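Below: the structure, in structure tokens.
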Amino acid sequence: MKSGIHPETTECVIHCVCGATYTTISTKPQVRVEICSKCHPFYTGEQSKIVDTAGRVESFRRRYGLTADS
């Protein structure tokens, strides 16, 4: 490997909005994420939960005339 071209890696702490923290190695010392394996519907088994980012689900329902029941 060539010397001097690889970034320095440090211990990194990943913080999720649900409160979970993970420690890993990265080029950044701290990373914040919106969703992780502890709160993602696929991993928690709550498939009916929809993650709405910036009202996109409501906008889609209004555009196509859908109600919450359909």
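The numbered conditions (1) within 18 Å of the chain's Cα centre (by Cα); (2) at pLDDT 90 or above are all true for residue 5 except (1). Contact annotation: no residue pair with Cβ atoms under 7 Å, 6 or more positions apart or on different chains, pairs a residue in region 17-40 that is more than 25 Å from residue 6 (Cβ to Cβ) with a partner that is surrounded by 10 or more Cβ atoms within 10 Å (Cβ to Cβ) and polar (S, T, N, Q).
Filtering 63, 32 for residues that are modelled with pLDDT of 80 or more, exposed (fewer than 10 other Cβ atoms within 10 Å of the Cβ) and under 15 Å from residue 16 (Cβ atoms) leaves a single hit, 32.
The values are calculated or read from the model by the stated rules, or taken from the named source; none is laboratory data. All of these numbers come straight from a predicted model, not from anything done at the bench. We place every Cβ from the backbone using ideal geometry, glycine too, and count neighbours over all the protein chains shown.
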